[in-house]
1. Express in whole angstrom the spacing between the alpha-carbon centres of the stretch 176-207 and the stretch 49-101.
2. Can you give the FRET efficiency to the nearest 0.05 for A62 and Q136, using r as the Cβ-Cβ distance and R₀ = 22 Å?
3. Each residue of the stretch 98-105 in turn: what ³J(HN,Hα) in whole Hz from Karplus with 6.51, -1.76, 1.60 and θ = phi - 60°, glycine and Pro shown as x?
4. Could you sort the peptides 33-46, 52-65, 108-121, 187-200 by per-residue average Cβ neighbour count (10 Å cutoff), highest mean leading?
5. Ranked highest first by the average count of other Cβ atoms within 10 Å around their residues, in what order do 210-217, 67-74 fall?
6. Evaluate the distance, in nm, between pseudo-label points positioned 7 Å from the Cα of D94 and of R193 along their respective Cα→Cβ axes.
7. So what's the stretch 59-109 giving for Rg/Rh, alpha carbon basis, Kirkwood Rh from the mean inverse pair distance?
8. For the ranges 5-13, 20-28, 174-182, what's the packing order if you count other beta-carbon atoms within 10 Å of each residue, average per peptide, and put the highest first?
Amino acid sequence: MDHGYVISDLHLFAKRSIADNHLDAMRTAANQADFFVLNGDIFDFRWTTLETAESTAHAALAWLEDFVRRHPNCRIFYVLGNHDSWEFFTEHLDALAKRMPNFQWHPSHVRIGTSLFLHGDLPLGLKRRRKAFHRQLPQTSRTRGRFLHACYDALIFTRLHRLPGRWYWRRRCARRFLRALKREKNGLRDGLRDVYFGHTHNVFCDYHYRGVMFHNTGSTIQGLEGNLLRVRSRNNETETATSK
């Protein structure tokens, strides 16, 4: 029976990411799984500590290729988020998918069995007149300057960076997802039992709303909580694998 794992919002290469603390657990999970979903904002081109966005993209591709190569029997799905969405990066993801048969990437979402995986920024942040399951890839990526990095450090110190996620409480997120699915009539709602997303950094699991279970994998940004979730796509069993 197929089973897998999902994680999001590692924000690798950002100063405030502690994703390395989760890497061993991720590798152990991928060794045991049929599939593994990297569910958006795995890398962070905006808040990178590297010299340029281009150098960050190449470092991200090297990290990703190493992860995929280590787990040849596991299907790796990469879903874009708002911090790792960039046309330059996705052109190289295309090349990686051609070289490695167990890897594929998706701009906005992927459906595996009865589960839908998406980062969450599109249906949660867009106005109704725009599509919530279609991501337009930006042609440029701008990194943040020293002043904004200092401001972010101050938010981390005061823990105010936790506040935005509190706006997206569970019911609000679930309602917006289901409205978006109904509005677009893309067939994703048919037989859907689980939705896994990130973006809000507000971790929770097994929230039931109108026949669907919702799960948020949080974030590995310092001061927040990140979860690696185990997923059984056919019988809908979910359990927390790690939590920090």
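1. First find each Cα centre; the distance between them is then 25 Å.
2. Working: r = 26 Å, r/R0 = 1.20.
Efficiency, from the Cβ-Cβ distance: 0.25.
3. Going residue by residue, I get 6, 7, 10, x, 8, 10, 8, 10 Hz, with x marking Gly and Pro.
4. On the way: 33-46: 25.6, 52-65: 17.1, 108-121: 22.8, 187-200: 19.9.
Order by mean packing, descending: 33-46, 108-121, 187-200, 52-65.
5. Numbers: 210-217: 19.4, 67-74: 15.9.
My ranking of the peptides, most packed first, is 210-217, 67-74.
6. With each label point 7 Å from Cα toward Cβ, the separation is 3.6 nm.
7. Values: Rg = 10.4 Å, Rh = 11.1 Å.
Reported Rg/Rh (Cα atoms, Kirkwood Rh): 0.93.
8. Working: 5-13: 26.8, 20-28: 14.4, 174-182: 17.1.
Packing order, densest peptide first, comes out as 5-13, 174-182, 20-28.
We did not get these values from a lab; they are worked out from the coordinates using the rules stated. Worth saying up front: this structure is predicted, and the values here are computed from it rather than measured. In this analysis, Cβ positions are derived from the backbone assuming ideal geometry, glycine residues included, and neighbour counts consider all displayed protein chains.
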